[in-house]
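**Q** What follows is a single structure, and I will ask about it in a moment.
The values are calculated or read from the model by the stated rules, or taken from the named source; none is laboratory data. What you see is a predicted model; the values in this text were computed from it and never measured. Note that each Cβ is placed from the backbone with ideal geometry, even for glycine, and that neighbours are counted across all protein chains shown.
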Amino acid sequence: PDGSTVTTASVDFFARVWDVASGECLQVLQVNGGIVSYCCFSPDGTLLATHCKNNTCSLWAIKSRKEQEDPILVLESLHKNSMYGISFSPDGEHIATVSSYKECCIWSVKTGLCEMKLNTEYIIQGLAFSPTGARLASWADDVIHLWDTRSGEPIMTYVAKGASISDKCIFSPSGDLLASSFEMKCYLWDANTGTCISVLNGHDGGVTSFSFSPSGKSLATSSKDATCMIWDVEKRVEESKRGSEE
């Protein structure tokens, strides 16, 4: 999370933690169960969650050394189908997993127990916690669900009739807005009402990534058209555009 390390998942059954500045491999983690498909740091950077093809999620203590160690906790999946997404809560006390069986599980990092299971009518493609962790967004092709993480009850559903809206979703730093993208467009949603307040359309290629500024007043989007655009969130207009020749 502080940008000093990066982790990689591999088909050789290992996850690795690397020092960004030196390129040195700091830690090698042997994940029993097959190909490592996902890795995710905890918010404080002390834990790493890995998911492998045997449908388990393992939690590892991150240390600056190369020795292989056993995971401190293994979450035995309750999902009926393959688990394919993981996300830590902002306080690092819970982890959410998603499967292709239209369900999401929220686990306790301390006990390894599934405390809540959320079921939808859609195959969930991804997850995002709100900044406080009180809400969880899950999304499919043309729908976004917002959940109360304390009760497990759905809060609201965002739907775009006849249009896909969500390859990815993120909350603004305040939690009042939710941004999603599909193809060349980025959508801004009121996280309290479920209303789409703006469609940001300026790229000539598919949106590959996007991120709010720390203040939440700007949104940066990158695209396959080799440009990055900075948007004024309040005015919903483009502030600047940068291109790359590569």
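**Q** Quickly run through segment 34-57 and pick out the residues that are modelled with pLDDT under 85, small (Gly, Ala, Ser) and out of contact with any Cys (no Cβ under 6 Å at 6 or more places or on another chain).
**A** Matches in segment 34-57: Ser37 only.
**Q** Among the strands (runs of 3 or more DSSP E) confined wholly to segment 1-43, which include 1 or more residues that are touching an Asp or Glu at 6+ places or on another chain (Cβ under 8 Å)?
**A** Ranges flagged: 5-9, 14-19, 25-30.
**Q** Go through segment 44-60 and count every residue that is over 19 Å from the mean Cα position of the chain (by Cα) and assigned to a strand (DSSP E or B).
**A** So the count comes out to 0.
**Q** Quick check, is Val109 touching a His at 6+ places or on another chain (Cβ under 7 Å) and at pLDDT 75 or above?
**A** The answer is yes for Val109.
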